[in-house]
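The values are calculated or read from the model by the stated rules, or taken from the named source; none is laboratory data. Fair warning: this is a prediction, and the values are worked out from it, not measured in the lab. FYI the Cβ positions are ideal-geometry reconstructions off the backbone, even for glycines, and counts take in every protein chain you see.
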Amino acid sequence: MAVYGLDRCPNPSEAALQTALRIGPGLAELNVKLAARGLTPLRNGAGIHYGNVVAGNIGSEERLEYTVIGDAVNTASRLESATKDLPSSIAISEDAYKMLTEETQAKLVPLGDVTMKGKSEPCPVYGLPGVAA
């Protein structure tokens with residue numbers, strides 16, 4: 001999990017998408033090496049959502065962990081899981097899509113609505129055609 005915007009990032013949705021796109025070439029290179037060893041290739045998915053989170057240290061003195069929690073975190077996680085059934089390894093919620101530049105939005109296509117556990121309404125999802133896990 002990666003979180004953008006806690007440090008006054010100018011456009012957390014753009015930063016998240018650029019990070020997700022940078023993973024692809026490295027994964028492709030790793031999969032060539034795995035195939036040469038007769039191993040199963042790896043897949044990845046990225047769920048990108050924009051929303052409020054609660055960030056901070058959670059736990060006890062013995063086990064203190066910095067984390068983020070909230071509906072936005074759950075939505076991003078569920079979008080990531082949805083990439084297994086989508087034609088793109090990157091699933092971007094409508095809330096995150098609205099934060100992207102017009103130039104970036106023009107490169108994306110609607111992938112349909114995704115029904116997520118805990119949500120009463122389906123979530124419109126966008127992605128990049130040809131960006132497979």
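Quick notes
- Any hit, the stretch 112-129, residues being in a helix (DSSP H, G or I) and of a type in the set (K, R): no
- Any hit, the stretch 53-61, residues being in contact with a Leu (Cβ under 6 Å, 6 or more places away or on another chain) and more than 20 Å from S88 (Cβ to Cβ): yes
- For the stretch 62-96, filtering for residues that are within 20 Å of G51 (Cβ to Cβ) and of a type in the set (K, R) leaves 1.
- Qualifying residue in the stretch 80-88 (condition: acidic (D, E), without any contact (Cβ under 8 Å) to a residue 12 or more places away in the chain and assigned to a helix (DSSP H, G or I)): yes
- For the stretch 89-105, a residue qualifies if it is closer than 13 Å to G47 by Cβ and part of a loop (DSSP other than H, G, I, E, B), and exactly one does: S89.
- Of all residues in the stretch 60-103, those that are touching a strand residue (DSSP E or B) at 6+ places or on another chain (Cβ under 7 Å), of a type in the set (S, T, Y) and surrounded by fewer than 12 Cβ atoms within 10 Å (Cβ to Cβ) total 1.
- Residues that are of a type outside the set (A, V, I, L, M), closer than 17 Å to Q18 by Cβ and in contact with a helix residue (DSSP H, G or I) (Cβ under 6 Å, 6 or more places away or on another chain), drawn from the stretch 94-133: Y126
- Within the stretch 1-77, strands (runs of 3 or more DSSP E) holding 3 or more residues that are in contact with a Pro (Cβ under 6 Å, 6 or more places away or on another chain) and farther than 23 Å from E103 by Cβ: none
- Residue match in the stretch 42-59 (condition: among the small types (G, A, S), free of Cβ contacts under 8 Å to residues at least 24 places away in the same chain and surrounded by 12 or more Cβ atoms within 10 Å (Cβ to Cβ)): no
- Residue match in the stretch 98-107 (condition: at pLDDT 95 or above, in contact with a Leu (Cβ under 9 Å, 6 or more places away or on another chain) and not charged (D, E, K, R)): yes
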